[in-house]
């Protein structure tokens, strides 16, 4: 945390967009060694990939609603850059890391990130929402760890390196409910602290990436029990995305619901 706290983004000098482009060879770096990597290095790779992915996807949605040609041009150029950055980050994952091992790493990201943001979140309403999701993240890590033991006889601690506890959280059966119940009351954009906005968007990026990872990878398992678990938890990840993005939703005309305040 000391490094993050010492960086002031307002004092950082940016690099002109045209100087940021890299060739394919420049983008691809040597992947980490899954046997020796610090789990928090892998955590940062996964989270940063999610942030880059969210930025690119948001700009696609923005471009579809934008009518200004200059805005569309700038969005296209920045998306290209973010696509290159995402490739550079995501390709740090090694090819010999199976889907289930990567899944456990994704859930480690969810547990550690949510717990950390909840501890330092200044708004009590946002903090309570994070804590609610954290109980489900613990459950997901526990269930995938049990699946790894069931299918391969492996202990997930070989991946987590003792950095994250594996214990049951809220039972998964209680995660499934009317999606409207997941909708939170958004913050007031002119009163919420920038830190709260940053926390919400960061966690949203991580959870959305988890959902997007489970959808195209869960079916790759030949074992039915594994496929069922990915389908079940994938639905919960969709609910998590709904939950966190609702905190971010800007006020609508006439909305009089409770808004987060600093």
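Throughout, read-outs are computed from the coordinates displayed, never taken from laboratory work. Since the structure is predicted, the reported quantities are computational estimates derived from the model, not experimental observations. Cβ placement follows ideal geometry from the backbone for every residue including glycine, while neighbour counts extend to all protein chains displayed.
This table checks each residue for (1) within 18 Å of the chain's Cα centre (by Cα); (2) crowded, with 18+ Cβ neighbours inside 10 Å; (3) farther than 21 Å from residue 230 by Cβ.
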position: 110; (1), (2), (3): yes, yes, no
position: 120; (1), (2), (3): yes, no, yes
position: 130; (1), (2), (3): yes, yes, yes
position: 145; (1), (2), (3): no, yes, no
position: 168; (1), (2), (3): no, no, no
position: 177; (1), (2), (3): no, no, no
position: 180; (1), (2), (3): no, no, yes
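Among the residues of the range 9-32, which ones are loosely packed, with under 10 Cβ neighbours inside 10 Å and either more than 20 Å from residue 79 (Cα to Cα) or touching a helix residue (DSSP H, G or I) at 6+ places or on another chain (Cβ under 8 Å) (or both)? The answer is 9, 10, 11, 12, 13, 30. In the range 205-213, the condition of being surrounded by 15 or more Cβ atoms within 10 Å (Cβ to Cβ), without any contact (Cβ under 8 Å) to a residue 60 or more places away in the chain and more than 23 Å from residue 55 (Cβ to Cβ) is met by no residue. For residue 92, the conditions (1) in contact (Cβ under 8 Å) with a residue 24 or more places away in the chain; (2) in a helix (DSSP H, G or I); (3) under 19 Å from the mean Cα position of the chain (by Cα); (4) surrounded by 16 or more Cβ atoms within 10 Å (Cβ to Cβ) all hold with the exception of (2).
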